[in-house]
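Before any comments, here is the structure.
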Number of protein chains: 2
Amino acid sequence: MELKPILKKQGKKILLIVLDGLGDLPSPETGKTPLEAALTPNLDKLVKSSATGLHIPVDYGITPGSGPGHLGIFGYSPVKYQIGRGILEALGVGLEVKDTDLVVRGNFATVEYQEDTPIIKDRRAGRLPTEENRKLIEKLSASIKEIDGVKVILKSGMEHRFAAIFRFSKTLSPEAEKINDTDPQIAGVPPLEPKGETKEAQEAAQVVKKFLQKAAEVLKSEKRANYILLRGFSVKPKLTPFSEKYGLKAGCVAVYPMYKGLARLVGMEILEVKGNSIEDELLILKNAWEDFDFFFFHIKKTDSYGEDGAFGEKVKIIEAFDALLPEFISFPECVICITGDHSTPCIMKSHSWHPVPTLIYSPYVLGGLSERFTEKECLKGELGIFPSIKLMPLLLAHSERLKKFGA
Amino acid sequence: MELKPILKKQGKKILLIVLDGLGDLPSPETGKTPLEAALTPNLDKLVKSSATGLHIPVDYGITPGSGPGHLGIFGYSPVKYQIGRGILEALGVGLEVKDTDLVVRGNFATVEYQEDTPIIKDRRAGRLPTEENRKLIEKLSASIKEIDGVKVILKSGMEHRFAAIFRFSKTLSPEAEKINDTDPQIAGVPPLEPKGETKEAQEAAQVVKKFLQKAAEVLKSEKRANYILLRGFSVKPKLTPFSEKYGLKAGCVAVYPMYKGLARLVGMEILEVKGNSIEDELLILKNAWEDFDFFFFHIKKTDSYGEDGAFGEKVKIIEAFDALLPEFISFPECVICITGDHSTPCIMKSHSWHPVPTLIYSPYVLGGLSERFTEKECLKGELGIFPSIKLMPLLLAHSERLKKFGA
């Protein structure tokens with residue numbers, strides 16, 4: 001339900017700690033999940049005074065990407081608000097996206113010309129080294145600064161990938177993104193021409209077309225990366241910012257660009273972290289503590305090690321977090337939630353659909369239902385298995401930020 | 001889903017016992033909730049042959065008022081059907097509300113006239129004693145019986161509060177309630193003029209305006225309560241009655257006006273209770289047993305003691321109820337549900353969002369899953385954590401009042 005009519009102006013602070021890809025499955029060797037295998041004396045103690053349960057990030061059986069995973073725990077329906085591939089690529093390489101931007105993901109590709117027609121030979125230009133990608137993006141950026149008054153912003157990703165922003169002088173509507181991919185998904189055929197489905201998209205497609213022609217000229221003499229394919233045209237989704245939706249001044253403590261970008265989409269202020277350890281992040285949290293009502297604190301490596309199938313390393317990250325837990329708990333008058341954005345089981349080496357362990361530390365809990373903070377123990381908890389978008393209403397309730405509904 | 005197409009004409013009786021504000025949290029001293037601390041040999045026995053679980057009254061994190069709390073367990077979406085403050089005030093003081101009524105909550109206030117303009121000095125007239133309120137309402141009622149053919153009905157609440165009904169000669173639509181509060185919520189300014197947003201509301205606002213002028217004349221010589229402020233204009237919500245929605249002839253056994261009023265809104269017949277103990281209520285239930293298919297049996301004091309933070313008293317009420325339980329169970333061929341409309345934790349001294357323990361006593365249960373009827377033991381039960389509006393379909397199923405859905 002709509003929370004705006006029952007929001008209070010004041011309340012306790014909320015600290016949402018997201019261990020990315022936290023949930024897991026038993027190791028075939030030991031039968032234990034990383035959370036079960038880890039030695040976590042501090043979590044073991046905390047969990048006894050906390051409400052526990054597991055959240056379902058998107059829906060039963062649905063494996064979320066980072067976008068939907070985070071939107072859910074931020075309280076935005078990940079099905080209603082779908083973030084385009086272009087936007088996620090741009091956020092991932094650290095570009096800021098504005099309301100005036102048409103954003104798309106690019107691949108360097110190899111084409112051969114038959115008469116004047118380019119025919120795709122390799123859609124990824126032999127997965128060219130990131131370093132070569134950087135040089136080409138520099139060259140393109142120097143040659144193509146704008147098209148018909150539309151600013152062009154390019155930034156390299158890994159290997160053959162990059163992000164492109166077409167920055168218009170006016171705010172774009174969701175209609176503007178209705179442009180087909182120019183990547184036909186197979187080799188041996190010409191790239192597709194960008195065409196718009198709507199009037200706004202047709203105008204934008206004209207700009208894109210001219211950009212592709214200019215880029216092809218600039219890249220003509222390249223041996224492998226002599227063409228560009230684009231996919232996932234998207235505009236910035238219209239998400240009611242945290243301040244308006246929840247009355248919260250929200251800060252983000254994260255190391256990776258993607259998560260800072262997602263936080264920025266929902267109106268959080270990004271607190272820049274020097275370094276990339278949990279300790280570095282904690283230092284920033286401490287310094288900014290007085291300035292915000294809500295903190296999103298993101299720990300990436302649980303997911304990275306899950307993706308690598310590195311069970312032992314995932315255990316170590318959990319133990320490192322546990323060792324720092326007393327510092328997190330020492331903040332006064334604060335509701336703390338520890339969870340993940342999705343599961344990343346080591347045996348799957350990928351994100352998965354499995355519900356994610358969740359703990360809410362607050363005085364207003366039954367508590368004592370889970371012996372440890374693990375997948376199986378959280379099943380015994382008072383929160384049950386719940387949709388991730390219900391997490392924020394629960395945190396607002398625990399932080400005494402919601403009025404009674406109805407007399 | 002819509003139950004009407006699958007309703008049977010016959011079935012067992014249903015007895016829904018609502019211990020208001022039943023759910024609670026552990027006491028900091030003992031770590032036990034009132035349900036855990038209470039000695040309840042009869043509930044302990046009953047729970048083993050019952051289905052158990054917890055219901056969420058409105059939604060995750062949402063703390064319900066009495067209106068939404070009861071609508072949910074009666075099977076009406078508390079978000080879709082919001083009951084206006086005026087209606088609840090009228091129900092609370094024991095007024096019957098009809099389809100032809102515009103209902104509003106009133107405050108006696110103190111104004112000072114600057115030339116002819118009233119300026120609010122005290123929005124609550126110094127919280128005048130209830131006895132003085134009663135005398136003023138008598139005086140107003142004697143002087144203002146009707147305005148332009150619209151009957152005026154006034155009844156005192158506590159201190160400065162009262163309920164006012166403007167009874168028209170025609171049924172009012174929901175448009176009629178779109179009138180602004182005349183209470184500006186601050187002192188030092190004049191009261192607001194009532195204005196209607198719609199044609200129907202504009203006509204009604206004219207009546208209200210004339211009423212306020214007459215009331216000001218009647219109260220002119222009063223020292224503190226010399227003006228009236230109105231807020232929460234509301235018409236009776238259109239709720240499909242129990243008889244039509246469920247095919248149930250429903251009776252209400254309750255002591256407090258608010259709950260009788262809520263029951264009347266959904267078409268229950270009110271059985272007048274002499275006295276205010278659970279025994280007094282039980283006597284009425286026994287006498288009326290043959291005449292109804294469904295009983296709503298309301299016990300108030302669990303909530304009152306929760307609101308007072310009176311842990312020991314809440315325990316005693318639960319024990320008193322437990323002592324009478326054998327009499328409730330002795331009714332033949334009957335499905336019994338014991339639950340609350342919301343939680344009222346003693347440590348919070350207020351309603352809360354926490355799920356509410358629920359028990360269904362019926363032959364068609366797994367049973368044996370909860371050792372006692374407590375918050376934590378109900379978490380182990382076969383009903384899980386479920387939305388309150390699903391309770392009525394479950395009770396209809398257990399009472400064999402629903403046909404198979406589909407062939």
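The values are calculated or read from the model by the stated rules, or taken from the named source; none is laboratory data. Just so we're clear, the structure is a prediction, and the values are computed from it rather than from any experiment. All Cβ positions, glycine included, derive from the backbone under ideal geometry; neighbour counts span all protein chains shown. Note: accessible area is taken over every heavy atom of the protein model, side chains too, but ligands, DNA and RNA are not part of it. Shrake-Rupley method; radii C 1.70, N 1.55, O 1.52, S 1.80 Å.
Some observations on this one:
One line per residue, one yes/no per condition, for (1) at pLDDT below 95; (2) over 20 Å from residue B:34 (Cβ atoms):
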| residue | (1), (2) |
| --- | --- |
| B:257 | yes, yes |
| B:261 | yes, yes |
| B:265 | yes, yes |
| B:271 | no, yes |
| B:279 | no, yes |
| B:300 | no, no |
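- Any hit, segment B:40-59, residues being part of a helix (DSSP H, G or I), more than 14 Å from chain A (Cβ to nearest Cβ), open to solvent by 10 Å² or more (accessible area, probe 1.4 Å) and free of Cβ contacts under 8 Å to residues at least 40 places away in the same chain: yes
- Within segment A:349-385, considering residues that are within 13 Å of another protein chain (Cβ to nearest Cβ) and β-branched (Val, Ile, Thr), the one nearest to residue A:332 (Cα to Cα): A:360
- Check on residue B:373, hydrophobic (A, V, I, L, M, F, W, C), closer than 25 Å to residue B:262 by Cα and at pLDDT 95 or above: no
- For beta carbons closer than 6 Å, sequence separation of 6+ or different chains, a first residue in segment A:154-172 that is within 17 Å of residue A:85 (Cβ to Cβ) and in contact (Cβ under 8 Å) with a residue 40 or more places away in the chain and a second that is open to solvent by 10 Å² or more (accessible area, probe 1.4 Å) and among the polar types (S, T, N, Q), the qualifying pairs are A:154/A:141; A:162/A:156.
- Of the residues making up segment A:1-28, those that are part of a loop (DSSP other than H, G, I, E, B), within 14 Å of chain B (Cβ to nearest Cβ) and among the charged types (D, E, K, R) are A:2, A:8, A:12.
- Filtered residue count, segment A:329-343, keeping only those that are acidic (Asp, Glu) and more than 12 Å from residue A:23 (Cα to Cα): 1
- Pairs meeting the criteria (first residue in segment A:386-403 and more than 7 Å from every other protein chain (Cβ to nearest Cβ), second residue open to solvent by 20 Å² or more (accessible area, probe 1.4 Å) and among the aliphatic types (A, V, I, L, M), beta carbons under 7 Å, at least 6 apart or on different chains) are A:401/A:7.
- Residue check for residue A:31: more than 26 Å from residue A:244 (Cα to Cα), in a loop (DSSP other than H, G, I, E, B) and open to solvent by 10 Å² or more (accessible area, probe 1.4 Å): yes
Conditions tested, residue by residue: (1) closer than 30 Å to residue A:303 by Cα; (2) open to solvent by 40 Å² or more (accessible area, probe 1.4 Å).
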{"residue": "A:211", "(1), (2)": "no, no"}
{"residue": "A:234", "(1), (2)": "yes, no"}
{"residue": "A:238", "(1), (2)": "yes, yes"}
{"residue": "A:248", "(1), (2)": "yes, no"}
{"residue": "A:263", "(1), (2)": "yes, no"}
{"residue": "A:280", "(1), (2)": "yes, yes"}
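- Among the strands (runs of 3 or more DSSP E) confined to segment B:298-407, there are none with at least 1 residues that are basic (Lys, Arg) and open to solvent by less than 40 Å² (accessible area, probe 1.4 Å).
- Residue match in segment A:327-347 (condition: within 14 Å of another protein chain (Cβ to nearest Cβ), without any contact (Cβ under 8 Å) to a residue 40 or more places away in the chain and of a type in the set (Ser, Thr, Tyr)): no
Table: residues versus (1) at pLDDT below 95; (2) of a type in the set (D, E, K, R).
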site: A:64; (1), (2): no, no
site: A:68; (1), (2): no, no
site: A:76; (1), (2): no, no
site: A:81; (1), (2): yes, no
site: A:90; (1), (2): yes, no
site: A:129; (1), (2): yes, no
site: A:148; (1), (2): no, yes
site: A:158; (1), (2): yes, no
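- One residue stands out among those in segment B:79-90 that are at the interface with chain A (Cβ under 7 Å from one of its Cβ atoms) and touching a helix residue (DSSP H, G or I) at 6+ places or on another chain (Cβ under 7 Å): the one that is least open to solvent (accessible area, probe 1.4 Å), which is B:88.
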